[in-house]
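Have a look at the structure below before the remarks.
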Amino acid sequence: MDLLSELVQERLDVFLEDLLGAAGKLSPAVSSTAVKIKIFDTIDKIIRRRRNEHTHFIQLPADVVRLIFGMALNLDRIHDPDLPLDALEEHRRNLFKMRRVSVAWNAFLLARPEYWCAIDVTSPAPESIARAQQTPLCLFSKRGSGVGSTPALERLNSVLLGRMKQVRTLRLDKEDAYDFAIRSLRAGLPDLETLELTKATDWDDMGEEFVPENIGDQLPSIRHLTTVGWQPSADALWLQNLKVLILKSPLELNSHLLRVLSACRNLSKLTLHADDGPESAEEMTDAPSLVDLPHLEEINLEVLMCPDVGYILPILRLPSHSRRFLRIDDEISVEASHSDICRFLYPYPDGSLPPQETTMKIYSDPSSYPRVTYTAGTAGLDLSPALDDPSSTEFPALIQAVQTHIKSPPLTVILHDVDEWGVLIWQRLRDFHMAKIWVKYMERMGLVEVLERLGNKHAPFAPKPAEEEETWPFESLEELTLEETELDPGRLIKMVEARQQYLREFSKAWLKRITLISCLIYGTRLDDAVPRLAAMGVTLISDRFSD
C-alpha cells in the first residue's frame, strides 16, 4: 500500500469513529448493525457523488454530452419513419443500460425529456411518459416485443389522457394495439406526422369503427402514411397533405385506390404493392381519368398481372425526373402493354436524355422461376419471363421494345446465383447488344454450360442458321466477369478459340477482357492461360494467381 493510501485509510478510520460516536449521542439505536450500515451507505453515496464531480464526463460541456448520447441512442431519428422498429426497441434498451453506467450518466438522462419520448404501447411505463414532459411522443409496438394486453392499453389511454396533442409518430406492428390506434385517430391527433400500421390484418373482421370513412379528418399534420391491407377514405381531406404514401399487400388495385392516389397531389414518394386486380374493365368505370402527382420524386409499383398495368400506368402523370420502378408478379404475357411500360420508364417523347447503359440482373426467386430486374438510369422493371414454353417471345420482345425506346444503349447482364432456368432466360437474349456479362455465385456445371453457349454458334431452342450466316450469339460481348465460382481456365481458352476463324474471316472483334474475382481454380493453371488468351486478344485478370 502506498503512502497516500495509508494516509487516507488512517484518517478515514478516525473520521468514522468520531462520526459513530457523535451519532450515538443523538440516538441509542445507532449501536445496531443495521443503522451503522445505513450510515456507511450514506457516506458511500456522498463519496461517489464527490468523485463524479471530478470525472471527465462532468467536465464536458452539456452540448458535447448531448451530441454523444444522441448519436448512441439515435436521438435525431426517433421520429424518422425510415428508422427500423428494431432500432426503436434498441433505443429503449440502450437507454436503460446507459442509466446503469454511473450516477452522473443516470442524472444526465433523467434531466432531459427528449430521451424519453419513444414509448412501447404494449408495456407503457407511466414514469417514462412523465419524464418526456412536453416532448413530441413516438408511440410504437413491434411483433415479438412483448405481449400486448387490454389492461396495458387501457393504462396507456389513462396515462396519455390530455397528452395526445404531443403524439407526432404512431408506428404499430401488432394487431393488439390497433384498437388503441383507431380510437386515437378518431379522437384526433392534431400533431401526428407519421402513421404506420404494418401488421397484416383482416380489417373486415375488425368492426365498423375501423372502416376508413369512420376515422375522421382530425389529422391536419400527417405527412407519412404506411399501411398493410388498409386504405384511407378517398374523401379524407388530409390526403392532400401527405408527402409519403406506402400501401402494401394484401391490397386490391381498384377504382377506390386510384381515387385515393388522385387526392394525394403533394406526394413526393409513392409505394404501391397490389396483389389483386379487377376481373374486367367494367369494374374500373368510376376510376379517375387522370392521377396527377406533380411533386412525385419516386414511385414503386407492384401489380399482380399484366392487364393490371393498363389500369394505372396510362392515367399517371408524373414529373419526367421522377425515379420509377414497376414489378409484375405474374409471367409476362401478350397482355403486357409495351407502349405503356416504355412511357412509364422513359417519359421523354423527344428522345432526350437517354440512359447511357442498362443493366439486367437474372436472380433466383425461392417461390418461383428465376426473375429479372431491368434497370435503365433511374427507372427499373422486375419481371417473370414465361419459361414453360421454350418458344415464348413475350419477355425478350418487351425488353427489346424498351431498349429501342431508350435508343438501344449497351446492356450489362448479371447472372446471380441462378440454375438452368436462369441460364435459359439469358440465352433468349443472345441477339441483344450485350456488352458485359457478369456471372456471380454459380455452381461449376452451370458455369460450364454458360461458357459452352458462349463458344457455340448454334444456340439451343433457336432455328439452325444457314452456313453462310455472318453472326454468332452474344456477338457484341466485350467483357466477361466471373465471381466466386469454380473454373477451369482451359474452358475460357476453348470458348475464345471457337470463334477465331469466324472473327478473322469477317474482320470482327469480340471479347476483350475476362476478370476473375475470388474464383476457385482447377485444371489449367492461370499462369498458362494468361498468355494463350492474350495471343487471341483477350486480357485475363484475376485477384489470385495461385491454383
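The values are calculated or read from the model by the stated rules, or taken from the named source; none is laboratory data. Bear in mind the structure is a predicted one, so any value in this text is a computation, not a measurement. We place every Cβ from the backbone using ideal geometry, glycine too, and count neighbours over all the protein chains shown. Each accessible area value is taken on the protein alone, full model and side chains, heavy atoms only, with ligands, DNA and RNA left out. Shrake-Rupley method; radii C 1.70, N 1.55, O 1.52, S 1.80 Å.
The computed Cα Rg over 2.2 N^0.38 Å for the structure shown corresponds, within (1) 1.26; (2) 1.39; (3) 1.56, to (2). Take 303-310, 100-107 and order them by the average number of nearby Cβ atoms within 10 Å per residue, most first; the result is 303-310, 100-107. The packing ranking, built from the mean of other Cβ atoms within 10 Å per residue, places the peptides 273-281, 171-179 in the order 171-179, 273-281, highest first. Computed from backbone phi with θ = phi - 60° and the Karplus coefficients 6.51, -1.76 and 1.60, the 3J(HN,Hα) list for the range 263-273 is 7, 9, 6, 9, 5, 10, 9, 10, 10, 9, 10 Hz; x is used for glycine and proline.
Annotation: amide H-H contacts under 5 Å for Asp276 (H modelled 1.01 Å from N, sequence separation of 5 or more, or interchain): Leu251, Leu253, Leu304. The range 156-184 and the range 359-432 have Cα centres separated by 46 Å.
Looking at the chain, the accessible area is 50 square angstrom per residue; that uses a 1.4 Å probe and ignores ligands, DNA and RNA.
With both bridge residues required to lie in the chain, what share of the DSSP beta bridges run antiparallel, to the nearest 5%? Don't skip to the end; give the middle numbers.
Details: 11 of 83 bridges.
Roughly 15 percent of the DSSP beta bridges within the chain come out antiparallel.
Relative to the longest principal Cα axis of the chain, at what angle does helix 394-405 sit, 0 to 90 degrees, rounded to 10? Tilt of helix 394-405: around 90 degrees. Residues whose amide H lies under 5 Å from that of Thr515, counting only those 5 or more places away or on a different chain, are Leu480, Thr481, Leu482, Ile541; hydrogens are built 1.01 Å from N in the peptide plane. Proximity of backbone amide H atoms, modeled 1.01 Å from N, is registered between Gly380 and Arg324, Phe325, Leu326 at under 5 Å, excluding neighbours fewer than 5 places apart on the same chain.
The alpha-carbon atoms of the range 286-360 define a convex hull whose volume equals 114 cubic angstrom per residue.
To the nearest ten degrees, helix 150-159 and the longest principal axis of the Cα atoms of the chain are 70 degrees apart.
Per-residue 3J(HN,Hα) values for the range 422-427, derived from phi via the Karplus relation 6.51 cos²θ - 1.76 cosθ + 1.60 with θ = phi - 60°, read x, 5, 5, 4, 4, 4 Hz in sequence order (x marks Gly and Pro).
The orientation-averaged projection of the convex hull spanning the C-alpha atoms of the range 466-528 amounts to 5.0 square nanometres. The calculated P(r) of the range 363-520, using every Cα pair and 5 Å bins from 0, goes 2, 8, 17, 21, 22, 16, 10, 3, 0, 0 in percent. When the alpha carbon gyration tensor of the range 315-416 is reduced to an equivalent ellipsoid, the three semi-axes, largest first, read 23, 15, 13 Å. Sequence neighbours fewer than 8 away in the same chain don't count; with that in mind, list the lysines whose C-alpha is under 17 Å from Lys512. Qualifying lysines at Cα under 17 Å: Lys436, Lys494. For the range 492-530, applying the loop criterion from DSSP together with a ceiling of 15 other beta carbons within 10 Å to the trypsin sites (Lys or Arg not before Pro) yields Lys508, Lys512, Arg525. Descending by average beta-carbon neighbour count within 10 Å, the peptides 380-392, 475-487 line up as 475-487, 380-392, the highest first. Here's the list of lysines a cross-link from Lys45 could span, going by alpha-carbon distance under 25 Å and ignoring same-chain residues fewer than 8 apart: Lys25, Lys36, Lys97. A simple rule links phi to the HN-Hα coupling: the Karplus curve 6.51 cos²θ - 1.76 cosθ + 1.60 with θ = phi - 60°, which for the range 284-300 gives 10, 5, 9, 6, x, 7, 8, 10, 9, 10, x, 10, 5, 9, 8, 9, 10 Hz, with x for Gly and Pro.
For Thr375, the solvent-accessible surface computed with a 1.4 Å probe is close to 60 Å², ligands and nucleic acids excluded. Helices in the chain, meaning DSSP H runs of at least 4 residues, each add -39500 (n - 2.57). Divided by all residues, the mean residue ellipticity at 222 nm is -10500 deg cm²/dmol.
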